[in-house]
Ligand code: KG4
Ligand code: ZN
């Protein structure tokens, strides 16, 4: 067991957000500070790894200072440092890992390296103090799409995964094709509200022999083909209809696979995680499907769906309780798999 009022400083730099947070007892967020680089990368239509690393270096000290200040604590009060060490962009991850190790060494505080995707799952604990494993979690972010059974804290079993593009990646690519810019998810989410989601019948991929797996590259190609063939015929496309119909196809598959896994495994709690979990259509459709099947649905507030350090602090707390400790040899692991230590 750990002491009462256990404070974790979380650090996250796996992609394009430099983030630090202080979390009490694994679930109570005292501060959650995020410095986003989105504006910088928007110019290039996606995240430029080299720019991301440089920006993290510029921001990291300020962001940690701000997180401590907002939580009204000092480094002395911190009991544990949790840092994302994978998966992600190696140069970006290294900034957070090096910083966390330096603080751990200088301040004499224990260190735990956290799996970024597990962090996304733990974001649910912030909003729902009563939520306990086991539960099923659909993780849909810019780099990952997984259907996972959370058997216990720090114990995950992957039931399904994407065969190609992640859901968020498909959103970003389609958004770019219809000229909406980066990041595409929130833009398609907003535009789709003005469109007819049944206007165009885009394909839904179901994979033989792997009923919980996803595939979004065929759908993405179908949308690109639709746009190109309209261009060749000099026809203008209805962007809102394309956005709504694409989104309908993505959400349809995500909801179908999640509900079928929940029923097959006899689990009555379903959670969403990752950037795409803030999608309003996904939330609405999953809510409806869960209600129809007597399942309880959980999803984090939007600020905890996209990358943040509070979720990393939560994960570090539970990993620490389960015995996880990292040394000063902790390294960034860009392709770290779920469940791998
Ligand atoms: O979890 P996240 O912040 O980063 C990764 O770990 O990948 O997810 C970012 C992804 C981006 O692809 C973004 O387009 C998508 O989440 N996203 C959304 C929405 N908000 C963010 N996708 C659909 N609807 C949204 N409202
Ligand atoms: Zn993420």
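Side notes on the structure shown:
- Look at 16, 252 and count the other Cβ atoms within 10 Å of each Cβ; fewest to most, that gives 252, 16.
- Mean shadow area of region 133-300 over all directions, Cα convex hull, nm²: 9.5 nm²
- Two-site FRET efficiency, residue 75 against residue 127, from Cβ-Cβ distance with R₀ of 25 Å, rounded to 0.05: 0.35
- For region 203-323, the convex hull drawn through the C-alpha positions has a volume of 150 cubic angstrom per residue.
- For region 263-341 and region 30-86, distance of Cα centres in Å: 20 Å
- Top of 290, 314, 137 by mean-square fluctuation, Gaussian network on the chain, Cα under 10 Å: 290
- Taking the chain as a Gaussian network of alpha-carbon nodes connected by springs under 10 Å, the highest mean-square fluctuation of the residues 48, 148, 251 belongs to 48.
- Linear extension gain, residue 303 paired with residue 288, 0.36 nm per residue minus alpha-carbon span: 3.1 nm
- Zone of residue 229's modelled label, taken as backbone nitrogen in region 174-210 under 14 Å from a point 7 Å along Cα→Cβ: 200-203
- Size of region 276-333: Rg and Dmax of its alpha carbons, in Å, are 16.5, 50.
- Exposure proxy ranking for 198, 116, based on other Cβ atoms within 10 angstrom of each Cβ and starting from the fewest, stands as 198, 116.
- Cβ-to-Cβ counts within 10 Å put 101, 127 in ascending order as 127, 101, the fewest first.
- For region 157-294: relative contact order, % (alpha-carbon pairs under 8 angstrom, 6 or more apart): 29 percent
- Full-extension gain in nm, residue 236 to residue 329, via 0.36 nm per residue minus C-alpha separation: 27.9 nm
- Principal-axis tilt of helix 280-292 within the chain, Cα atoms, nearest 10 degrees: 90 degrees
- Spin-label pair residue 207/residue 151, simplified geometry with 7 Å Cα→Cβ offset, distance in nm: 2.1 nm
- Here the mean projected area of the convex hull built on the C-alpha positions of region 180-226 is 4.3 nm².
- Shape index of region 1-47: Rg/Rh, with Rg the Cα radius of gyration and Rh the Kirkwood radius from the inverse mean 1/r over Cα pairs, equals 1.19.
- Using alpha carbons only: equivalent-ellipsoid semi-axes of region 95-165, gyration tensor based, whole Å: 27, 17, 10
- Segment residue 256-residue 221, length gained on full extension (0.36 nm per residue, minus Cα span): 10.5 nm
- Calculation over all alpha carbon pairs of the chain in 20 angstrom steps from 0 returns a P(r) of 32, 56, 12, 0 percent.
- Gaussian network model of the chain, Cα within-10 Å springs - most flexible of 244, 316, 324: 324
Every read-out reported here was derived from the displayed coordinates using simple, explicitly stated rules and does not represent laboratory data. For clarity, every value in this text was computed on a predicted model and none was experimentally measured. When we count neighbours, we look across all protein chains shown, and the Cβ atoms used for this are built from the backbone with ideal geometry, even at glycine.
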